[in-house]
Amino acid sequence: MFGKKQREPFEEGNFEEMRDDLLEIGAGKVAPRKIHELERSEAPVCDVCNKKMNWEDGYVLSTNQVVTTEAYWEFAFTHQWAYYHDLDPDGVSLALIVQNQANQSTGWLVCEKCSKLFDFDRELAKKHAKMHSTAPPGSGPANSQLVASVAAKVWKKLYGEYPKW
Ligand SMILES: [Zn+2]
């Protein structure tokens, strides 16, 4: 039943702001809030769901581990980017988002709940979280072709057609 997924309704007045955000993300100007950008005193947030968390309660994953996982894109398109398909139904600008996500060079801090989306070495990823490390093994940009194919597959699953990029 593609395209029937329940999505968050637009909050009144936020539409313009969200569109601006989308354009900035698409233009590669705004990376998702990443752990290396946080002040030491600031509480970190999960790089998937944006909820505040403690390092010790999370896991540090590489970009490759996150953005080549279908569940990550499905979560993103049904949560923080739930408005994306309405703004760009053909997914024309999706390539820019893919590129931006694939290019993240540092690790991703992921909360316990979001960690269930991924298949990874939990012991190792926990060790890096406890060390507040942003450079887990295999960190660095992911293969953007591979990431694009994963994102496109999820796009089709949710919306019934491949993006027209
Ligand atoms: Zn999370």
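With Gln104, Gln99 as the choices, which residue is under 17 Å from Tyr72 (Cβ atoms), outside any helix (DSSP H, G or I) and polar (S, T, N, Q)?
Gln104
Which one of these is surrounded by 20 or more Cβ atoms within 10 Å (Cβ to Cβ), without any contact (Cβ under 8 Å) to a residue 60 or more places away in the chain and under 14 Å from the mean Cα position of the chain (by Cα): Val98, Val147?
Val98
For the range 128-144, which positions are farther than 30 Å from Val92 by Cα and under 17 Å from the mean Cα position of the chain (by Cα)?
Scanning the range 128-144 gives a single hit, Thr134.
If you take the residues of the range 109-119 that are closer than 17 Å to Ala142 by Cα and surrounded by fewer than 22 Cβ atoms within 10 Å (Cβ to Cβ), which of them is nearest to the ligand (Cβ to nearest atom)?
Phe118
Mind checking which residues of the range 113-165 are touching a Gly at 6+ places or on another chain (Cβ under 6 Å), of a type in the set (Ser, Thr, Tyr) and closer than 17 Å to Thr69 by Cα?
The one that is touching a Gly at 6+ places or on another chain (Cβ under 6 Å), of a type in the set (Ser, Thr, Tyr) and closer than 17 Å to Thr69 by Cα: Ser139.
Is it the case that Thr106 is β-branched (Val, Ile, Thr), more than 16 Å from the ligand (Cβ to nearest atom) and surrounded by 14 or more Cβ atoms within 10 Å (Cβ to Cβ)?
Criteria met by Thr106.
Can you spot a residue in the range 50-70 that is at pLDDT below 90 and away from the ligand (no atom under 16 Å from the Cβ)?
Within the range 50-70 (the criterion being at pLDDT below 90 and away from the ligand (no atom under 16 Å from the Cβ)), the answer is no, since none of the residues qualifies.
Whether any residue in the range 120-133 is within 16 Å of the ligand (Cβ to nearest atom), assigned to a loop (DSSP other than H, G, I, E, B) and within 18 Å of His79 (Cβ to Cβ) is what I want to check.
No, because not a single residue in the range 120-133 is within 16 Å of the ligand (Cβ to nearest atom), assigned to a loop (DSSP other than H, G, I, E, B) and within 18 Å of His79 (Cβ to Cβ).
Just for the range 30-49: of the residues that are β-branched (Val, Ile, Thr) and in a loop (DSSP other than H, G, I, E, B), which one is modelled with the highest pLDDT?
Across the range 30-49, the extreme among qualifying residues is Val48.
Taking the stated definitions as given, is Leu117 out of contact with any Asp or Glu (no Cβ under 6 Å at 6 or more places or on another chain) and assigned to a loop (DSSP other than H, G, I, E, B)?
The answer is yes for Leu117.
Could we say that Pro137 is touching a helix residue (DSSP H, G or I) at 6+ places or on another chain (Cβ under 8 Å) and either assigned to a helix (DSSP H, G or I) or loosely packed, with under 14 Cβ neighbours inside 10 Å (or both) here?
Taking the combined requirement at face value, the residue satisfies it.
Does Leu109 count as assigned to a loop (DSSP other than H, G, I, E, B), modelled with pLDDT of 95 or more and within 13 Å of the chain's Cα centre (by Cα)?
The answer is no for Leu109.
Out of Asp90, Asp86, which single residue is away from the ligand (no atom under 12 Å from the Cβ), of a type in the set (D, E, K, R), assigned to a loop (DSSP other than H, G, I, E, B) and in contact with a Lys or Arg (Cβ under 9 Å, 6 or more places away or on another chain)?
Exactly one residue qualifies, and that residue is Asp90.
The values are calculated or read from the model by the stated rules, or taken from the named source; none is laboratory data. Remember, predicted model here, so these are calculated numbers, not experimental data. Ideal geometry is used to build each Cβ from the backbone, glycine not excepted, and the neighbour counts take in all protein chains shown.
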